[in-house]
Amino acid sequence: MTTLRAVTGPEALTVRDQLVETYAAVFCAPPWNESAERAARFGDLLVGWAGQPGFVAVLAGDDRRVTGFALGLDTPTPFPADRAYGSVRNILGPAVEPFSGWLEVAELAVRPDARRAGLGRRLLATLTGDRPSWLLTVTEVEGTLAFYDAAGWLRQGAGYGITVYTNRPLPTPTRPG
C-alpha cells in the first residue's frame, strides 16, 4: 500500500518540480489534454497556495517520484469572486456563505499508472479528514463525477461546465423569526 504524508506549504515547495511533473502526467494527457504552459502555471499557483492560510498537501510516493497528491486551503472570508469562485457563487447563491473557513480542495491528481487502487479516495479522505470541505470539478471529463459520487461526496449544483461538491450536507438556512 502506498504511504501518504501530509506536508505544509514550505515542505510542498521542496517537491514543487515533482508535483508539476505529476500534474503534467495527469492533466496534459487525455482526457484533460491541458498544455505544457498550463502545467507550468500550476507550479506558479502552487507557490501562491502554499503561502495561504490552512494550506495542506497530502503526497503519495517516495523521495524519487510523487505518484499522487491532494492540495487544499482554507476558503477565504468573505467568499471570493475571482477565478472560478464567481461561477460557484452563481451556481449556489447564498449557499456558498458557509464555505468561508471550509477546506477547499484545490487539486487532486493520481498518475495513470497508480490508478484503480483507491489512491485518489485515500488522498481525498486524508486531506479533508473531518473538516467540512468543498471542491469543484469539470463536468465534461468522463469519470470525474462518478469518482466523487462513489467517494460519497454530495453534488450541490452545476453550471458553467463545473459541478460543485461538498463532503457533507449544506447547512439549512435560518429564516428570520
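Applying both filters, DSSP loop and at most 12 other Cβ atoms within 10 Å, to the GluC sites (Glu not before Pro) of region 70-177 gives Glu140, Glu142. Available extension along the chain between Glu140 and Asp63 is 24.3 nm, counting 0.36 nm per residue and deducting the alpha carbon span. Each helix, a run of at least 4 DSSP H residues, gives -39500 (n - 2.57); summed and divided by the residues of the chain, these come to -9500 deg cm²/dmol at 222 nm. The long axis of helix 16-27 is offset from the longest Cα principal axis of the chain by roughly 70 degrees.
Which order results if Trp32, Trp153 are arranged by neighbouring Cβ count within 10 Å, fewest first?
On the way: Trp32 13, Trp153 23.
The order, fewest Cβ neighbours first, is Trp32, Trp153.
Across region 121-128, rounded Karplus estimates of 3J(HN,Hα) from the backbone phi angles (6.51 cos²θ - 1.76 cosθ + 1.60, θ = phi - 60°) give 5, 5, 4, 4, 5, 5, 4, 7 Hz, Gly and Pro being marked x.
Placing a pseudo-label 7 Å from each Cα along the Cα-to-Cβ vector at Arg38 and Asp130 gives an inter-label distance of 3.8 nm.
Take the Cα gyration tensor of region 36-84, multiply each eigenvalue by 5, square-root it, and list the three semi-axes largest first, rounded to whole angstrom. Walk me through the numbers on the way to the answer.
On the way: eigenvalues 109, 46, 14 Å².
Over the Cα atoms of region 36-84, the semi-axes work out to 23, 15, 8 Å.
Taking other C-beta atoms within 10 Å as the exposure proxy, Leu45, Leu19 rank Leu45, Leu19 from fewest upward. Find which of Val141, Ile162, Thr126 sits farthest along the positive direction of the dipole of region 62-177, computed with +1 on the beta-carbon of Lys and Arg, -1 on that of Asp and Glu, about the Cα centre. Of the listed residues, the answer is Thr126.
Computing Rg and the Kirkwood Rh from the Cα coordinates of region 112-163 gives a ratio, Rg/Rh, of 0.97. Hey, could you grab the Kirkwood Rh for the chain? Inverse mean 1/r over distinct alpha carbon pairs, Å, one decimal. After inverting the pairwise mean of 1/r, the radius is 16.7 Å. The label-point distance for Thr77 and Arg5, in a model that sets each label 7 Å from Cα toward Cβ, rounds to 3.4 nm.
Considering only Arg83, Arg131, Arg121, the mean-square fluctuation computed in a Gaussian network model of the chain, springs between alpha carbons under 10 angstrom, is largest for Arg83.
Put a plus charge on the Cβ of each Lys and Arg, a minus charge on the Cβ of each Asp and Glu, and nothing anywhere else: the dipole of the chain about its Cα centre is then about 400 debye.
When the GluC sites (Glu not before Pro) in region 1-88 are filtered for DSSP coil states and for at most 14 other beta-carbon atoms within 10 Å of their beta-carbon, no site remains. Distant-in-sequence amide contacts of Gln156, defined by a placed amide H-H separation under 5 Å and a gap of 5 or more residues or a different chain, comprise Val164, Tyr165, Thr166. Most simply put, the chain has about 95% antiparallel DSSP beta bridges, counting only bridges with both residues inside it. Comparing Cα centroids, region 2-26 and region 66-144 end up 16 angstrom apart. In terms of surrounding Cβ atoms within a 10 Å radius of their Cβ, Val20, Val26 rank from fewest to most as Val20, Val26. Structure remark: mean-square fluctuation, Gaussian network model of the chain, C-alpha springs under 10 Å; the largest value among Pro98, Pro132, Pro78 belongs to Pro78.
Read-outs: derived from the displayed coordinates by stated rules, not from any lab. Just so it is clear, the model here is predicted, and its values are computed rather than measured. Glycine also receives a Cβ, built like all others from the backbone with ideal geometry; neighbour counts cover every protein chain displayed.
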